[in-house]
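Enquirer: Attaching a single structure in structure tokens format; questions to follow.
The values are calculated or read from the model by the stated rules, or taken from the named source; none is laboratory data. Bear in mind that the values here come from a model prediction, so they are computed numbers and not experimental data. Virtual Cβ from ideal backbone geometry, glycine too; neighbours counted across all protein chains shown. Each accessible area value is taken on the protein alone, full model and side chains, heavy atoms only, with ligands, DNA and RNA left out. Shrake-Rupley method; radii C 1.70, N 1.55, O 1.52, S 1.80 Å.
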Amino acid sequence: MKKTTVFLLAGIVLFCMAVAAGLLLRTEQKDESNGTIKIGVAIYYGDDTFISNVTNSLSDIVAKYEQETGVRLYLGTADAQGKQETQNNQIERFLALDYDVLAVNLVDRTNAAYIIDKAMAKNVPVIFFNREPVQADLQKWDRLCYIGTDAVENGRLEGSIVVDAYHADRAALDKNGDGILQYIMIEGEIRHQDAVIRTEESIQAIRDAGIAVEKLDGGIADWERSQAAALAEQYFREYGDQIEVIICNNDDMALGVIDTIDRLGLDFRSVVGIDGTPQGLKAVQEGRMLGTVVIDYQAHAELIFQAAYALATGQRAEDVMQVGQDRSIRAPMYVVKSE
Ligand code: BGC
């Protein structure tokens, strides 16, 4: 009697689980018969301005492509909220749901191997973007690639904005006339390749142009506007008029510096950034920033889509675009300066 009840209960539980799984699969899994291509996008942090510009642009591109060609596409996105463990689970879920290709914006760029192993086991190609895995990981498989900008060029172009402003109006930049540019550096995340390289190269480009520099101070603001605003407040209070230029690894942090300039009622315009976000470009147009290096986020998203589509349809990324020896595809960039 007892045994029968247990079997009955177990049966009911199993039945419910099967129904639930079936429902889940029906809504989320690829329907083989209609040939939908499923692209799984995993991002490190949804609040990041640059990343959300890229992902929004990617959904527009996908929608347009579907409309124009009739090819059925499904874009699933997952935000890790800055936690690698969450992202690992999200990737496993995409794989369990038979996604055809993954586009991954790693939380921790040294964690690629874990994701690559899981994806390789299911023969699902992976495009990493914006947060670059190390070469040893990227070279593991020819169905992997990286899409990002060239951080050396980002940094050098940012430096060139300062050099041009210096040549155009030396007195406006070298305010104390000592022939040395006293600067503050505001950096992105400590382990992000773009932050480290942009910091070095922007300064190197200024030095290479024959301009002497002196670092007054600097700090890490994790790409975030509010953190940069707080740092800038501290620096303006400590160094005041000694500050001649503030170099930021991205536009959001430059905008944070400008927030502080406004709050303190200062007239300081020698701020530079990178990204060319709509808000960054507006600040440049209004003359509140010397300039920015525009990383074309639409072109960035277009490259991700082209690579994803090629890989999901059995082609290689190199069949449709230029892929370097290092398995990277570089998105274009250009400078925009204030008048
Ligand atoms: C962008 C930053 C962004 C970061 C996120 C950088 O390449 O310039 O704006 O916050 O990537 O990983």
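Enquirer: Since residue 223 meets every condition but one in (1) hydrophobic (A, V, I, L, M, F, W, C); (2) in contact with an Asp or Glu (Cβ under 8 Å, 6 or more places away or on another chain); (3) at negative phi, which condition does it not meet?
Expert: For residue 223, the failing item is (3).
Yes/no matrix, rows are residues, columns are (1) closer than 18 Å to residue 268 by Cβ; (2) outside any helix (DSSP H, G or I); (3) in contact with a strand residue (DSSP E or B) (Cβ under 7 Å, 6 or more places away or on another chain):
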| position | (1), (2), (3) |
| --- | --- |
| 124 | no, yes, yes |
| 137 | no, no, no |
| 140 | no, yes, no |
| 158 | yes, no, yes |
| 182 | yes, yes, yes |
| 207 | no, no, yes |
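Enquirer: Further question: Within the range 154-167, take every residue that is within 16 Å of the ligand (Cβ to nearest atom) and more than 16 Å from the chain's Cα centre (by Cα) and give me the one that is most open to solvent (accessible area, probe 1.4 Å).
Expert: The extreme case among them is 156.
Enquirer: Kindly evaluate residue 170 against the criterion of being open to solvent by 20 Å² or more (accessible area, probe 1.4 Å), within 16 Å of the ligand (Cβ to nearest atom) and not assigned by TED's automatic domain parsing to the domain that holds residue 323.
Expert: no
Enquirer: Taking the condition of being within 15 Å of the ligand (Cβ to nearest atom), without any contact (Cβ under 8 Å) to a residue 40 or more places away in the chain and surrounded by fewer than 16 Cβ atoms within 10 Å (Cβ to Cβ), how many residues in the range 173-212 meet it?
Expert: Count: 1.
Enquirer: Right, here's the next one. Test residue 316 against the stated conditions and say whether it is more than 16 Å from the ligand (Cβ to nearest atom) and without any contact (Cβ under 8 Å) to a residue 40 or more places away in the chain.
Expert: no
Enquirer: Moving on. Among all residue pairs at least 6 apart or on different chains, which show Cβ distances below 7 Å where the first residue, located in the range 107-125, is in contact (Cβ under 8 Å) with a residue 24 or more places away in the chain and the second is of a type in the set (Gly, Ala, Ser)?
Expert: Correct list of pairs: 107/80; 107/82.
Enquirer: OK, next. Restricted to the range 132-146, and to residues that are touching a residue at least 60 places away in the same chain (Cβ under 8 Å) and open to solvent by 10 Å² or more (accessible area, probe 1.4 Å), which residue is nearest to the chain's Cα centre (by Cα)?
Expert: The residue in question is 132.
Enquirer: Does any residue of the range 38-49 turn out to be open to solvent by 30 Å² or more (accessible area, probe 1.4 Å), under 30 Å from residue 273 (Cα atoms), of a type in the set (Phe, Trp, Tyr) and assigned by TED's automatic domain parsing to the domain that holds residue 122?
Expert: Yes: one or more hits.
Enquirer: Let me ask you something else. Looking at (1) open to solvent by 70 Å² or more (accessible area, probe 1.4 Å); (2) under 10 Å from residue 253 (Cβ atoms); (3) not hydroxyl-bearing (Ser, Thr, Tyr), which is the only condition residue 224 fails?
Expert: Evaluating residue 224 over (1) open to solvent by 70 Å² or more (accessible area, probe 1.4 Å); (2) under 10 Å from residue 253 (Cβ atoms); (3) not hydroxyl-bearing (Ser, Thr, Tyr) leaves (1) as the failure.
Let's see how each residue does on (1) buried (at least 16 other Cβ atoms within 10 Å of the Cβ); (2) in contact with a Cys (Cβ under 6 Å, 6 or more places away or on another chain); (3) of a type outside the set (Val, Ile, Thr):
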{"residue": "228", "(1), (2), (3)": "yes, no, yes"}
{"residue": "243", "(1), (2), (3)": "yes, no, no"}
{"residue": "252", "(1), (2), (3)": "yes, no, yes"}
{"residue": "255", "(1), (2), (3)": "yes, no, yes"}
{"residue": "259", "(1), (2), (3)": "yes, no, yes"}
{"residue": "271", "(1), (2), (3)": "yes, no, no"}
{"residue": "278", "(1), (2), (3)": "no, no, yes"}
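Enquirer: Let me ask something else about it. Go through (1) touching a residue at least 60 places away in the same chain (Cβ under 8 Å); (2) within 16 Å of the ligand (Cβ to nearest atom) for residue 271 and report which single condition fails.
Expert: So residue 271 meets the others, but not (1).
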